[in-house]
Amino acid sequence: MLEPELRMSTVDRVLKSYLAGGDGEQNETAAEWKSRKAERARAPVPLSHQVAGHKYGIHKVGILQHFDGTVLKQLQPPPRGPCEMHFYTQVFAQECKDPHLLALQQHLPKYYGTWSPPNKPKELYLKLEDVAGRFACPCIMDVKIGRKSYDPFASHEKQEEQIRKYPLMEEIGFLILGMRVYQVDSGSYISQEQSYGRSLTKKTLKTGLARFFHNGEELRKDAISLSIHKICDILHWFEGQKQLHFYASSLLFVYEGSLHIANTKNRTEGLTRQNDKAGPENKTNVHVTSSKLKSSCGQVNCSSILEAIHYVRKVNGFGSHSLHHQANGMTADMDSKTNNVVEDKSSNEGKEENVEVRMIDFAHVFPSDSSDDGYIYGLRSLLFVLEQILQD
Ligand SMILES: Nc1ncnc2c1ncn2[C@@H]1O[C@H](COP(=O)(O)OP(=O)(O)O)[C@@H](O)[C@H]1O
Ligand SMILES: [Mg+2]
């Protein structure tokens, strides 16, 4: 128990310190306090649904979410960060007239330029559309594409390190880096980290990949089918260009895990599409319209899938007769095949807007004068395995 005099002096000290602004915060005005509170509320937070890559806190370069719903990716140290920024800037430049780059835009998250924290103007982030932003229960998977995870300028040690991480990359052409899958029976997510993808062999690859499309009750064949369409569009882009090579780049898969909400969202789709150009504040951006997808599918998908089957079979011996027959029997009307899958499911499932496949991670993109055979190989291999899953 303190003496009354001593107690008094303690109160005095606290009061004095308060009036003098002792800890630097106590003498701010109500308006300042309010604005600081608002600023805190607007501060970016770690992206809750990140499934792979650098995580926030580890070297502080993880993905963040801006309060307007966009995703913030801190620039990595040179040359990787500037390379990725240059790539996005080039593709989304207002004056861009290059038809290949313009066609590529729809396969990337939208780019909204760079962003820096107000108090750290030198810290640079890429401001990107959140590809999973409009989904209620997004199932997300990051798949690295290509036969090589290292670029042509990588040191010998770096090359060896990458090969050691997944020696099958050269043969398989893709690697699952992480996933989270919504389970309708439990209402929770199952997540898989890098080690999951690295543990997959040629034998277990199909089952390993199929897990992304299993919601605890059923295999979401509608999501597989639509993902195939979108990969085919990306493959088509790669087959038509000879100016860029991509190393250690990924495809980000997203589909709506909640069947009920998927349905509810579809009913509001007409409205959200009208707002597509509204910018980052609009979290319901829809990138590829049905008509766009259909026009390219009719020409692209059949030949691409057929070629994919022959190509991957020839190179690595994955074989499937049923797939081959199905592909041979396919007419140019790939749309109607997919529509059947959609309509068989009758209501909630199979809506195109409930599935996304976008290219991400461009820290190792290089100019070239030949087609990107490594990436094309990876896409075809991935298509082949997805088709096999559908057939089973
Ligand atoms: N535009 C985006 N929308 C939604 N999620 C994203 C987006 N970009 C990245 N992510 C999430 O962050 C992860 C890592 O992103 P990535 O660009 O590959 O970073 P890193 O260079 O660290 O590998 C992805 O696996 C994904 O989960
Ligand atoms: Mg990555």
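What follows draws every value from the coordinates through simple rules; no lab data is involved. Predicted model only: the values in this text are computed from it and were never measured. So basically every Cβ, Gly included, is an ideal-geometry build from the backbone, and we count neighbours across all protein chains shown.
Taking other Cβ atoms within 10 Å as a rough exposure proxy, 80, 180, 220, 164 sort from fewest to most as 164, 80, 180, 220.
Ordering 65-72, 229-236, 185-192 by mean Cβ neighbour count within 10 Å, with the highest value first, yields 229-236, 65-72, 185-192.
For region 80-179, the set of GluC sites (Glu not before Pro) satisfying both a DSSP loop assignment and a count of at most 10 other C-beta atoms within 10 Å is given as 95.
The stretch between residue 239 and residue 96, if pulled fully straight at 0.36 nm per residue, gains 49.4 nm over its current Cα-Cα span. Taking a point 7 Å from the Cα of residue 76 along the Cα-to-Cβ direction, the residues of region 349-363 with backbone N closer than 13 Å to it are 360-363.
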